[in-house]
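No lab work stands behind these numbers, since they all come straight from the coordinates. Since we're looking at a predicted model, the values are computed, not measured. No Cβ is skipped: glycine too gets one built from the backbone with ideal geometry, and neighbour counts run over all protein chains shown.
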Amino acid sequence: MRLKSFSAPTLKEAMQIVRDELGPEAVILSTRGHRGGGVCLTAAVDEMADDGGASWLQYDEESAESSPAEVVTDALLFHAVPEDIADEVIACVAASGHVEPAPALAEALAHLFTFGRMPSGASGRPVVLVGPPGAGKTAAVARLATEAAMVGAKVALICADAERAGAAAQIQAFAKILGAPLFLAKGPPQAAAFIAQARSEGAQRILVDSAGANPLDARAMRATAALAKAAQGDVVLALPAGLNAEEAGEASRIFAAAGARFLLATRLDAARRFGALLAGARKGCMAFAATSATPSVAQGPVPVTARSLAHALLHGLEPQQGAQPQQRDAIREGAA
């Protein structure tokens, strides 16, 4: 069994590449668009089968309950992953050929999602944290600033959150502890000016805390997009793990249109179901960057990999491990 992803400028070109490399028996498991344009296809082919390459799709009633696909299906139901995303993941798991669910799910996630490092500002580009109100943006800025200070980097903080009462005071306290300059920007043009000033003063990491934006508020999203454009940096969406998955997917798509390219999963310590994170990354075409599962600013964001995400998704089913087949219906009903 081979499972492989292909990218091309158009769907027609991508499908031709699949046929050229895997042959006419290849089965398309998923398609997705790239943020910068083009498409990505994930396809599979059974090199050992003589039945048209579809033997892995056949249902084996005797082994289905313990198969990786069945275990992953239970996990995705528990996490309330949207059906269209779950179908793609399960198809990739079934095609992977793994006999254990963890590596099968990790391989599927690696093909279907993008994983990257959390922008730190070390490249010289400002890091702009955006997201809905209460998503943990200010705490994320504090964590990134603490990490930078611990390696001796000169940090500059910009607060563009003029809407929320006490926001400036909160980040000002962090700045004072770190000995970092803090700029209070009243709009995107002033934020851009402060970024230029911070650079001229030798700042090596520039971190921007934005106002919480309701994705359904057009005015708030225009302001977020204007800030992202003015900063000309790496825009990171802080997305709480406990949101409704469908709402999270829609919100991520809107924040992506405003410039967000990376996803920081926050408040994992207050959630048991992570369907919102899969929906956010998939619908927003964003790269998983890091997670935050503690209110402590001393611990920086933790990188996300396909393996660690697979572990988190399967770990959510641990209380039901060993459940009998008839119990699975109850698990599905509770996760629906």
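Got a sec to turn the phi values of region 76-88 into Karplus ³J(HN,Hα) couplings, 6.51 cos²θ - 1.76 cosθ + 1.60 with θ = phi - 60°, whole Hz, x for Gly and Pro?
5, 5, 4, 8, 6, 6, x, 4, 5, 6, 4, 4, 5
What does the charge add up to near F174, with Lys and Arg as +1, Asp and Glu as -1, over the other residues with Cβ less than 11 Å from its Cβ?
+1
Going by average Cβ density within 10 Å per residue, which order do the peptides 275-283, 151-159, 236-244 take, highest to lowest?
Final packing ranking: 275-283, 236-244, 151-159.
Given a Förster distance of 22 angstrom, what is the FRET efficiency for D84 paired with E25, based on the Cβ-Cβ distance and rounded to 0.05?
Efficiency, from the Cβ-Cβ distance: 0.35.
If the reach is capped at under 27 angstrom between alpha carbons, list the lysines near K154, excluding any in the same chain fewer than eight residues apart.
Candidates past the 8-residue exclusion: K137, K176, K186, K229.
Need one word for region 59-113: rounded, prolate or oblate. Basis is the Cα gyration tensor (sqrt eigenvalues a ≥ b ≥ c); a/c below 1.5 gives rounded, then a/b vs b/c decides.
In terms of gyration-tensor shape, oblate.
Which ³J(HN,Hα) values, rounded to whole Hz and listed in residue order, are derived for region 184-197 from phi using the Karplus coefficients 6.51, -1.76 and 1.60 in 6.51 cos²θ - 1.76 cosθ + 1.60 with θ = phi - 60°, glycine and proline given as x?
Computed from phi, the couplings for region 184-197 are 9, 9, 9, x, x, x, 5, 4, 4, 5, 5, 4, 4, 5 Hz.
May I ask you to list the lysines whose Cα is less than 25 Å away from that of K12, ignoring any residue fewer than eight positions away on the same chain?
Reachable lysines: K4, K283.
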